[in-house]
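To keep things clear, I will list the structure first and then write my remarks on it.
The values are calculated or read from the model by the stated rules, or taken from the named source; none is laboratory data. Not measured: the values here are computed from a predicted model. With ideal geometry, Cβ positions are generated from the backbone for all residues, glycine too; neighbour counts draw on all protein chains shown. Side chains are part of the model used for accessible areas, which takes the heavy atoms of the whole protein and leaves out ligands, DNA and RNA. Shrake-Rupley method; radii C 1.70, N 1.55, O 1.52, S 1.80 Å.
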Number of protein chains: 2
Amino acid sequence: MTLKIAQVQSILENTPQVIADLLSDLDDALVLSNEGGDSWSPYDVLGHLIHGEKTDWMVRTEIILGDNEDKRFEPFDRFAQFQASQGKSLSQLLEEFRRLRKNNLLNLKSKDLSDKELERTGIHPEFGAVSLRQLLSAWAVHDLGHIAQISRVMAKQFTDEVGPWPKYLTILNYTPSE
Amino acid sequence: MTLKIAQVQSILENTPQVIADLLSDLDDALVLSNEGGDSWSPYDVLGHLIHGEKTDWMVRTEIILGDNEDKRFEPFDRFAQFQASQGKSLSQLLEEFRRLRKNNLLNLKSKDLSDKELERTGIHPEFGAVSLRQLLSAWAVHDLGHIAQISRVMAKQFTDEVGPWPKYLTILNYTPSE
């Protein structure tokens, strides 16, 4: 297994605690606020990550490594969290994410992937053939993207409080592309 | 003290642990890599945050609240970390940041700031008069901006590994404005 995949695993292991710490001791108003329109709050992002643990990354890993000849991935539902998170507290979601991620990583590590296995492919609904190495790397980058997003969404709640500082606080000037 | 300033304190308290978790169990190659050119690595960002604890946020708070009639802030050195961090390990920097931040927050909390005190002002070298409320809010947003930056810089190290995924991993497409 290459160095980069070992780093992917470390990043994946770190994320639940990073997010728990980022959202520690904050008011609901901050955790539930978004960037306007139909953008996502930190709470929504957490639900999205949970849905990914259940239906995306490891499910696709199993398709790539499994014996079934049909290597097509199911499309991922980017909006499932709005239903699935209903009625759940932030701490429930944090705990659910932690548990799912831990089990997924135990499963991943137990496979003790070889470089050859990392080159095996599945069929992404839009991209076509993608390798397991690409899938696992994308999983870690996806985590980091959503950590950055949570940070940015929280930062923006203070836009009116910082006076002239947005000039040097460029995170306040970023508009998400979707 | 308003709700938002209480949230500012929570964010400031969370940051050292967030960064320690983000960088936990990673290879030096990942912690020391930047976004190209003279952009900053996670290690550089941490040095920058340390310098801010020493010379920026609380120093300026004391100028605003103190008896001295000269309310001008010293300009902040955005590049001091390249000298100050030399020879220090990541764990040394994490520990230094944690200790400095903890002491600064103990000091801040001991002031038990009133809404009236939060409206007192100092003179920023570029912006002119800024209120204590703006300064403290900017401190928290500054933290969140650098957490997002660290996440992004680490994500970018995997750009070559994710195959076609940058289309949906928009963090890989972000170019820092400075």
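Every residue in region B:57-82 that is in a loop (DSSP other than H, G, I, E, B), open to solvent by 30 Å² or more (accessible area, probe 1.4 Å) and of a type outside the set (Phe, Trp, Tyr), please. It would help to see each step written out before you state the result.
Taking region B:57-82 first, the residues in a loop (DSSP other than H, G, I, E, B) are B:66-71, B:73-80.
The next check asks that each one be open to solvent by 30 Å² or more (accessible area, probe 1.4 Å); those that pass are B:67-71, B:74-79.
Within region B:57-82, B:67, B:68, B:69, B:70, B:71, B:74, B:75, B:77, B:78 meet the criteria.
Can you spot a residue in region B:94-103 that is more than 21 Å from residue A:168 (Cβ to Cβ) and over 16 Å from the mean Cα position of the chain (by Cα)?
The answer is no, given that none of the residues of region B:94-103 is more than 21 Å from residue A:168 (Cβ to Cβ) and over 16 Å from the mean Cα position of the chain (by Cα).
Counting only residues that are part of a loop (DSSP other than H, G, I, E, B) and in contact (Cβ under 8 Å) with a residue 24 or more places away in the chain, which one in region A:89-119 is surrounded by the fewest Cβ atoms within 10 Å (Cβ to Cβ)? Outline the logic, then answer.
Initially, region A:89-119 is screened for residues part of a loop (DSSP other than H, G, I, E, B), giving A:89, A:111-114, A:119.
Still in the running and in contact (Cβ under 8 Å) with a residue 24 or more places away in the chain: A:111-114.
Details: A:111: 13, A:112: 8, A:113: 20, A:114: 10.
So, considering only residues that are part of a loop (DSSP other than H, G, I, E, B) and in contact (Cβ under 8 Å) with a residue 24 or more places away in the chain, the one surrounded by the fewest Cβ atoms within 10 Å (Cβ to Cβ) is A:112.
Restricting to region B:146-155, what's the tally of residues that are open to solvent by 20 Å² or more (accessible area, probe 1.4 Å) and either without any contact (Cβ under 8 Å) to a residue 60 or more places away in the chain or not basic (Lys, Arg) (or both)? Don't jump to the end; show me each part of the working.
Let us first name the residues in region B:146-155 that are open to solvent by 20 Å² or more (accessible area, probe 1.4 Å), namely B:146, B:149, B:152.
Subsequent filtering for residues that are either without any contact (Cβ under 8 Å) to a residue 60 or more places away in the chain or not basic (Lys, Arg) (or both) retains B:146, B:149.
So the count comes out to 2.
Kindly indicate the residue of region B:156-165 that is surrounded by fewer than 17 Cβ atoms within 10 Å (Cβ to Cβ) and in contact with a helix residue (DSSP H, G or I) (Cβ under 8 Å, 6 or more places away or on another chain) and also farthest from residue A:145 (Cα to Cα) among those meeting that condition.
Checked region B:156-165; the qualifying residue farthest from residue A:145 (Cα to Cα) is B:164.
Checking the structure you have, find out if any residue of region A:156-175 is more than 7 Å from chain B (Cβ to nearest Cβ), in contact (Cβ under 8 Å) with a residue 24 or more places away in the chain and under 19 Å from residue A:76 (Cα atoms).
Scanning region A:156-175 turns up no residue that is more than 7 Å from chain B (Cβ to nearest Cβ), in contact (Cβ under 8 Å) with a residue 24 or more places away in the chain and under 19 Å from residue A:76 (Cα atoms).
Please go through (1) of a type outside the set (Phe, Trp, Tyr); (2) on the phi < 0 side of the Ramachandran plot; (3) at the interface with chain B (Cβ under 7 Å from one of its Cβ atoms); (4) surrounded by fewer than 23 Cβ atoms within 10 Å (Cβ to Cβ) for residue A:140 and return the number of the only condition it doesn't satisfy.
Of (1) of a type outside the set (Phe, Trp, Tyr); (2) on the phi < 0 side of the Ramachandran plot; (3) at the interface with chain B (Cβ under 7 Å from one of its Cβ atoms); (4) surrounded by fewer than 23 Cβ atoms within 10 Å (Cβ to Cβ), only one is false for residue A:140: (4).
Of all residues being among the hydrophobic types (A, V, I, L, M, F, W, C) and surrounded by fewer than 16 Cβ atoms within 10 Å (Cβ to Cβ) in region B:2-56, which is farthest from the other protein chains (Cβ to nearest Cβ)? Just the residue, please. Working first, answer last.
So the first thing to find is which residues in region B:2-56 are among the hydrophobic types (A, V, I, L, M, F, W, C), and the list is B:3, B:5-6, B:8, B:11-12, B:18-20, B:22-23, B:26, B:29-32, B:40, B:45-46, B:49-50.
If we keep only those that are surrounded by fewer than 16 Cβ atoms within 10 Å (Cβ to Cβ) too, we end up with B:3, B:6, B:29, B:32.
Working: B:3: 7, B:6: 8, B:29: 8, B:32: 13 Å.
So, considering only residues that are among the hydrophobic types (A, V, I, L, M, F, W, C) and surrounded by fewer than 16 Cβ atoms within 10 Å (Cβ to Cβ), the one farthest from the other protein chains (Cβ to nearest Cβ) is B:32.
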